[in-house]
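S.K.: After the structure tokens below, expect a handful of questions from me.
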Amino acid sequence: MLTLSLCKIPIQYKEGIYKIDELPDTDQDAIEFDHDTYGDVLTYYVPVGEEQREFNLYGIPKEEFLETVHAVYDKTGQLKKISAQIADDPVLVYIHYTDDEDARQKIRSFALETADTMVENICKCTDTIARLFVEYYYERDAMDIHAKLGTAAQREQIEKDYPRYKDSGDYPGNYPCDMMVEGDNTTLIVMVKCIVGEDLFQYFQYALNSIEERIKEQAIDRLNKTDDFQFISMEYD
């Protein structure tokens, strides 16, 4: 295991978009990135209000990060966003919000975009569906929102396997994971943790509600469903 200091990105600089080698090296008001070669873990601390919050992103190769990371500054010189391109996928590293309304708008926009992708994956299933679940989990450093499909055949088997429990077919944990549809949880964590304040759960809940709303509006009518189909949202631990 080897931890390396990778780079620093200043909080204030000239307006524009910059790669890492185009930014000045500074010890003041900067986000410093370290990299643990075991697991390719990117670790950094972000100033959020009066707090320094720790972020850990996993599966980030250091060479790919250094080659693709870029910082965006607005006309006031404020650092607005840091992102990279890892395995051809965009990775959000940091985002700055001007105020609470800006945060909520960006959270909702992200949630709806994520939900649209989830809807398309949900609707690829042509089996007869008895249950459509949205499962979620929240801790300050770990957040997850995903969907799971339960077919009529799976529900029938579950109810046979657990005859004592009349609602055994209503619990997503009883269904196999091969029909799970993931959301973009890495971006969700970064977006929520970059918000100023202590009550971050309300923003996670806002994202969850937006995703559920879009899935119910756009996916359910497109599924081949049983007569007693149910949409169920459930927290797991």
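S.K.: Having 3 or more residues that are closer than 18 Å to TYR45 by Cβ and modelled with pLDDT of 95 or more is the bar; report the strands (runs of 3 or more DSSP E) wholly within region 55-98 that clear it.
M.R.: Values: elements: 70-73, 79-86, 89-95.
So the answer is 79-86, 89-95.
S.K.: Shifting gears a bit: Find the residue count for region 34-46, including only residues that are under 20 Å from the mean Cα position of the chain (by Cα) and assigned to a strand (DSSP E or B).
M.R.: First, the residues of region 34-46 that are under 20 Å from the mean Cα position of the chain (by Cα): 39-46.
Keeping just the survivors that are assigned to a strand (DSSP E or B) gives 41-46.
Total meeting the criteria: 6.
S.K.: Condition check: in a helix (DSSP H, G or I) and either in contact with a helix residue (DSSP H, G or I) (Cβ under 9 Å, 6 or more places away or on another chain) or of a type in the set (D, E, K, R) (or both). Does GLU198 satisfy that? Spell out the reasoning first.
M.R.: Details: in a helix (DSSP H, G or I): no; either in contact with a helix residue (DSSP H, G or I) (Cβ under 9 Å, 6 or more places away or on another chain) or of a type in the set (D, E, K, R) (or both): yes.
In short, no.
S.K.: Filter region 174-200 down to the residues that are open to solvent by 80 Å² or more (accessible area, probe 1.4 Å) and either under 21 Å from ASP89 (Cα atoms) or of a type in the set (Phe, Trp, Tyr) (or both) and list them by number.
M.R.: Keep residues of region 174-200 that are open to solvent by 80 Å² or more (accessible area, probe 1.4 Å), which gives 177-178, 182, 196, 198-199.
If the condition is that a residue be open to solvent by 80 Å² or more (accessible area, probe 1.4 Å) and either under 21 Å from ASP89 (Cα atoms) or of a type in the set (Phe, Trp, Tyr) (or both), then GLU182 is the only one that fits.
S.K.: Mind counting the residues in region 145-173 that are open to solvent by 20 Å² or more (accessible area, probe 1.4 Å) and within 27 Å of ARG214 (Cα to Cα)?
M.R.: Residues of region 145-173 that are open to solvent by 20 Å² or more (accessible area, probe 1.4 Å), as a first pass: 152-157, 159-167, 170-171, 173.
From what is left, the residues that are within 27 Å of ARG214 (Cα to Cα) are 152-155, 167, 170-171, 173.
Total meeting the criteria: 8.
S.K.: Which of (1) under 19 Å from LEU6 (Cβ atoms); (2) open to solvent by less than 60 Å² (accessible area, probe 1.4 Å); (3) touching a strand residue (DSSP E or B) at 6+ places or on another chain (Cβ under 7 Å) is the odd one out, the single condition LYS81 does not satisfy?
M.R.: (2)
S.K.: Could you tell me whether ALA219 is over 30 Å from VAL41 (Cβ atoms), buried (at least 20 other Cβ atoms within 10 Å of the Cβ), small (Gly, Ala, Ser) and modelled with pLDDT of 95 or more? Show your work before the answer.
M.R.: On the way: over 30 Å from VAL41 (Cβ atoms): yes; buried (at least 20 other Cβ atoms within 10 Å of the Cβ): yes; small (Gly, Ala, Ser): yes; modelled with pLDDT of 95 or more: yes.
So ALA219 passes the test.
The values are calculated or read from the model by the stated rules, or taken from the named source; none is laboratory data. Fair warning: this is a prediction, and the values are worked out from it, not measured in the lab. Backbone-built Cβ (ideal geometry, glycine too); neighbour counts: all protein chains shown. Ligands, DNA and RNA are excluded from the accessible area calculation, which covers all protein heavy atoms including side chains. Shrake-Rupley method; radii C 1.70, N 1.55, O 1.52, S 1.80 Å.
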